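The values are calculated or read from the model by the stated rules, or taken from the named source; none is laboratory data. Fair warning: this is a prediction, and the values are worked out from it, not measured in the lab. Cβ placement follows ideal geometry from the backbone for every residue including glycine, while neighbour counts extend to all protein chains displayed.
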Amino acid sequence: IEIPAERKKIRFKFPDAPKPGRVVLELKGVRKAFGDKVVLRSVDLMVERGDRIALVGPNGAGKSTLMRILAGVDAPTSGQRLEGHRVVLDYFAQDQAAVLNPNDTVYEEMSSRSPNTMVPMIRSILGAFLFSGDDVSKKVAVLSGGERNRLALAKMLLRPSNVLLLDEPTNHLDLDSKEVLLDALADYVGTLIFVSHDRYFVDHLATKVI
């Protein structure tokens with residue numbers, strides 16, 4: 001059996017973000033209903049600086065709904081969402097790939113919102129997420145669903161934030177890309193809330209499980 005050459009592992013540091021207050025996010029008595037269907041009821045949750053929280057549960061339990069409320073994308077039907085002092089939040093949704101510009105090339109999409117200090121890392125990060133050589137010149141419009149997801153994730157890793165919300169970030173990732181993401185998140189000094197069905201991912205990252 002021919003063993004494939006080992007891919008060069010890359011490591012990178014998230015760009016620095018301001019230090020937030022002790023409580024970064026808080027939900028008080030949150031209820032969310034869609035018509036007659038009540039998805040969340042009486043949810044009280046306090047997220048403190050440095051928490052690494054995994055949201056686990058079966059499909060349809062309301063994990064993504066809770067994430068969208070935490071991210072401020074959806075408002076609760078009743079109750080309050082409170083955001084802490086100096087919070088810089090970044091949210092990776094399951095359909096995050098839909099917000100990419102189809103007319104950009106992969107490289108242009110990455111560099112469009114990248115801080116100047118991270119520009120030298122762009123090609124390395126793209127390589128880690130399996131975009132190498134001519135792939136960086138492909139238009140976003142021709143990428144597969146999995147490739148778009150990888151690009152959206154890679155793009156997020158360039159931006160400074162102190163609270164990261166990730167909804168099933170390992171979907172469509174191969175083992176190498178998962179390892180790069182896991183290493184990056186293990187080194188991340190901010191607050192992390194993520195939804196995952198990947199037991200390995202949860203075991204290695206979470207300090208609290210909801």
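Here Asn162 clears all of (1) closer than 24 Å to Ala54 by Cβ; (2) surrounded by fewer than 21 Cβ atoms within 10 Å (Cβ to Cβ); (3) of a type in the set (S, T, N, Q); (4) modelled with pLDDT of 85 or more except the condition numbered (2).
Evaluated against (1) over 24 Å from Leu25 (Cβ atoms); (2) part of a loop (DSSP other than H, G, I, E, B); (3) in contact with a Phe, Trp or Tyr (Cβ under 9 Å, 6 or more places away or on another chain), Leu158 falls short on exactly one condition, (1). Of the residues making up region 165-184, those that are under 19 Å from Arg52 (Cβ atoms) and in a helix (DSSP H, G or I) number 7. Scanning region 194-206 for residues that are modelled with pLDDT of 95 or more and either in contact with a Gly (Cβ under 6 Å, 6 or more places away or on another chain) or assigned to a loop (DSSP other than H, G, I, E, B) (or both) yields one hit, Ala206.
Of the strands (runs of 3 or more DSSP E) that lie entirely inside region 21-112, not one contains 2 or more residues that are without any contact (Cβ under 8 Å) to a residue 24 or more places away in the chain and under 20 Å from the mean Cα position of the chain (by Cα). Within region 126-146, being at pLDDT 85 or above and either part of a strand (DSSP E or B) or under 20 Å from Asp90 (Cα atoms) (or both) holds for Leu126, Lys139. Would you please name the residue that is surrounded by the fewest Cβ atoms within 10 Å (Cβ to Cβ), looking only at residues in region 96-129 that are closer than 20 Å to Ser161 by Cα and of a type in the set (D, E, K, R)? The extreme case among them is Arg113.
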